[in-house]
Amino acid sequence: MRHAAILRLAIIAAIVALLELLSRSGVISRFVAPPPSEIAVDLVRLLTSDRVQAAIAQTLSKITIACGAAIVVGTALGVLIHRSRALAQTLSPYFGAYYAVPIYAFYPLMIAIFGIGEAPQIVIGFMLAIVAVIVNTINALDRIPRVLRKTVAIYGMGSIEASWNVYLPYAGPYLATGIKLAVAYSFIGVIGAEFIMSRIGIGHEIVFAYNNFDNEVMYPLILFVLLVAGTINGLFSAWEKRLLGRRSRS
Amino acid sequence: MNMAARIAEAHVGLTGVTRVFGSDPQTQVKALGPIELELRKGEFFAVVGPSGCGKSTLFDIVAGLSPATSGKVTFEGRPLTGSAVPDGIGVVFQEDASFPWLTVADNVAFGIRRAGLSEAEVSRRVTATLALMGLADFAKAYPAQLSGGMRQRVCIARTLVQRPRLILLDEPFGALDQQTRLIMGEELLKLWRETGATILLITHALDEAAMLADRIGVMSARPGRILDIVETPWGIERDSRVVSDPRFGDITGRLWSRLREESMAALATAGQ
């Protein structure tokens, strides 16, 4: 396992080193792809800029709202749908096909409904994230064994106490999968929406820099998005792995 | 306490207990009864019967997990309604019911912590119960790190720590191999002697019932009734060595002679 992690890091380091070499040697134009070391230096510089800080704060706020709402509403809907077998069977094909639908195609509709502002971007992030939470909540609840439900009855627990003390802890690792996906999808949804319908935010800053051939802003911000998304995903994966690690034989 | 004193007092009573599933007379299933049975205080009583005869239904009714359709169930003279599990009854299932997100010690402490005992008392009881169950070295382990037999010990410990006066066991060793079952059976007998609790064991294994129980109730095919009650001669200090006693074969033989036709009837019903 440790070897695999080292290998994964080595692959990334090799790609970065190759890009550095190709860019500095002129094989790839510095204008098309600057050396990664320069992108990193530019990123540090950009992070002190008020404009970029405001864009980052704006984007992360929208992602937090979209993701938080998707987790709360998606978990509640997942619990409700799980209670009705007929409803779960009816909706299951829709959930299966949901991610085949390009949500961005609805952005004119979002603007018509929610107006020009932050709301449509948050809604797109929310819409992308929520189904992952619903599906993983239903999956998590499906996994609770009958004997645990009987144990809950033996202890005379009410539904809230049982959910809090038994069902949620049991389902934790599977719910964590839904939360991890919700974070990833809300990142994609919000930043993607900022590309096409925003005047502030990281997505907007990347598009603005692209349209103005401003590689000293565009590449560092792309790197920033990669670093933030990768770090958050890595943290959730580690949490999920830790929870699952207690369930498997060491 | 001697054996005679232990069994002098009736502990659990079932009078005319039936269980019918479904309300439509055309499709309803008569799963159980009528059952007439009395468990004596401090005795080890086993129930054997063919598959699908209603053993688990009987277990659920006595555990308070499911109501009887008719009849009366009492525990220490008080009626059981099937809507809640009363204090003093501990339950161990066949399946692993340990909580995988808690350590062994926290699993064992779960019920008494919930009951509001002080942390000092929880700690004292958990330590004593882990020692009794041979789990002291595994207090900080998670269930997934233990074997199936040890996980079942955790579940038994979680029940024992609450000091139940009646312990209900639904095929608790059903998922274990034969040698582990014999060892776990010996440990169960030791715990029974030390706690003085009444035990009701549901099992499909005739040898397990013959080795462990003072009395064995033989159930009919569905709807399950008590056909016969077989007494064993082992005495309270018994252990797994009784399997080599010539009388052991007589007991299992008698059980099987009562069960053979019922098992065939159950198989015929299942095949219809």
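All of A:Tyr174, A:Tyr185 fail the test of being hydroxyl-bearing (Ser, Thr, Tyr), surrounded by 20 or more Cβ atoms within 10 Å (Cβ to Cβ) and either within 11 Å of chain B (Cβ to nearest Cβ) or without any contact (Cβ under 8 Å) to a residue 60 or more places away in the chain (or both), apart from A:Tyr174.
Among the hydroxyl-bearing types (Ser, Thr, Tyr) and either within 20 Å of the chain's Cα centre (by Cα) or surrounded by 17 or more Cβ atoms within 10 Å (Cβ to Cβ) (or both), is that true of A:Thr64? Considered against the rule, which asks whether it is among the hydroxyl-bearing types (Ser, Thr, Tyr) and either within 20 Å of the chain's Cα centre (by Cα) or surrounded by 17 or more Cβ atoms within 10 Å (Cβ to Cβ) (or both), A:Thr64 comes out as yes. Exactly one residue out of B:Ile216, B:Ile236 is within 30 Å of B:Lys30 (Cα to Cα), among the β-branched types (Val, Ile, Thr) and in contact (Cβ under 8 Å) with a residue 40 or more places away in the chain: that is B:Ile216. Within the set B:Ala141, B:Ala68, the sole residue that is outside the structural domain of B:Thr198 (by TED's automatic domain parsing) and of a type outside the set (Phe, Trp, Tyr) turns out to be B:Ala141.
The rows are residues; the columns are (1) modelled with pLDDT of 90 or more; (2) closer than 13 Å to A:Val52 by Cβ.
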site	(1), (2)
A:Val207	yes, no
A:Phe213	no, no
A:Leu223	yes, yes
A:Leu227	yes, no
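Among the residues of the range B:31-42, those identified as modelled with pLDDT of 90 or more, of a type outside the set (A, V, I, L, M, F, W, C) and part of a strand (DSSP E or B) are B:Pro34, B:Glu36, B:Glu38, B:Arg40.
What are the residues in the range B:43-54 that are surrounded by fewer than 24 Cβ atoms within 10 Å (Cβ to Cβ) and at pLDDT below 90, if any? Result: B:Ser51, B:Gly52. Of the helices (runs of 4 or more DSSP H) lying entirely inside the range A:1-114, the ones with 1 or more residues being farther than 30 Å from A:Ile134 by Cα are found at A:2-25, A:36-46, A:50-83. Checked against the criterion of being among the acidic types (Asp, Glu) and in a helix (DSSP H, G or I), the range B:235-242 has no qualifying residue.
Reported count of residues in the range B:79-100, each being crowded, with 17+ Cβ neighbours inside 10 Å and without any contact (Cβ under 8 Å) to a residue 40 or more places away in the chain, is 3. Among the residues of the range B:132-171, the one identified as part of a helix (DSSP H, G or I), over 20 Å from B:Ala213 (Cα atoms) and in contact with a strand residue (DSSP E or B) (Cβ under 8 Å, 6 or more places away or on another chain) is B:Cys155. Has the range B:109-131 got at least one residue that is within 11 Å of chain A (Cβ to nearest Cβ), touching a residue at least 60 places away in the same chain (Cβ under 8 Å) and either of a type in the set (Gly, Ala, Ser) or outside any loop (DSSP other than H, G, I, E, B) (or both)? No - not one qualifying residue is present in the range B:109-131. Of the numbered criteria (1) touching a Lys or Arg at 6+ places or on another chain (Cβ under 8 Å); (2) of a type in the set (Val, Ile, Thr); (3) within 19 Å of B:Met133 (Cα to Cα), the one B:Ile202 fails is (3).
Of the residues making up the range A:222-250, those that are in contact with a Gly (Cβ under 9 Å, 6 or more places away or on another chain) and more than 14 Å from chain B (Cβ to nearest Cβ) number 1. The residues listed here are A:Ile144, A:Ile154; of these, the one that is in contact with a strand residue (DSSP E or B) (Cβ under 6 Å, 6 or more places away or on another chain) and under 30 Å from B:Leu166 (Cα atoms) is A:Ile154. Here the range A:193-215 is the region considered, the condition is being surrounded by 17 or more Cβ atoms within 10 Å (Cβ to Cβ) and among the acidic types (Asp, Glu), and the residue that is farthest from A:Ala129 (Cα to Cα) is A:Glu205. Out of curiosity, is B:Arg222 over 30 Å from B:Arg163 (Cα atoms) and either part of a helix (DSSP H, G or I) or in the same structural domain as B:Phe44 (by TED's automatic domain parsing) (or both)? Yes. Once the range A:70-89 is narrowed to residues that are under 16 Å from A:Arg143 (Cα atoms) and polar (S, T, N, Q), the residue that is farthest from the chain's Cα centre (by Cα) is A:Ser84.
Look at B:Gly149 and say whether it is surrounded by fewer than 22 Cβ atoms within 10 Å (Cβ to Cβ), outside the structural domain of B:Ala109 (by TED's automatic domain parsing), in contact with a Ser or Thr (Cβ under 8 Å, 6 or more places away or on another chain) and not aliphatic (A, V, I, L, M). Here the answer is no, as B:Gly149 does not meet what is asked.
Rundown of residues vs (1) farther than 17 Å from A:Ile65 by Cβ; (2) surrounded by fewer than 22 Cβ atoms within 10 Å (Cβ to Cβ); (3) out of contact with any Leu (no Cβ under 7 Å at 6 or more places or on another chain), yes/no style:
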| residue | (1), (2), (3) |
| --- | --- |
| A:Pro93 | yes, yes, yes |
| A:Ala100 | yes, yes, yes |
| A:Ala105 | yes, yes, yes |
| A:Met110 | no, yes, yes |
| A:Ile122 | no, no, yes |
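Look through the range A:152-171, keep the residues that are part of a helix (DSSP H, G or I) and among the aliphatic types (A, V, I, L, M), and return whichever of them is farthest from the other protein chains (Cβ to nearest Cβ). Among residues in the range A:152-171 that are part of a helix (DSSP H, G or I) and among the aliphatic types (A, V, I, L, M), the one farthest from the other protein chains (Cβ to nearest Cβ) is A:Ile160.
Only one entry of A:Val207, A:Val225 meets the criterion of being among the hydrophobic types (A, V, I, L, M, F, W, C), out of contact with any Phe, Trp or Tyr (no Cβ under 6 Å at 6 or more places or on another chain) and either within 26 Å of A:Val101 (Cβ to Cβ) or touching a residue at least 40 places away in the same chain (Cβ under 8 Å) (or both), and that entry is A:Val225. For the range A:19-46, a tally of residues being surrounded by 13 or more Cβ atoms within 10 Å (Cβ to Cβ) and of a type in the set (A, V, I, L, M, F, W, C) returns 9.
Residues that are without any contact (Cβ under 8 Å) to a residue 24 or more places away in the chain and of a type in the set (S, T, N, Q) within the range A:138-162 comprise A:Thr151, A:Ser159, listed in sequence order.
The values are calculated or read from the model by the stated rules, or taken from the named source; none is laboratory data. Everything numeric in this text was worked out from a predicted model, so none of it was measured. Because the Cβ atoms are built from the backbone with ideal geometry, glycine has one as well, and the counts that use them run over all protein chains shown.
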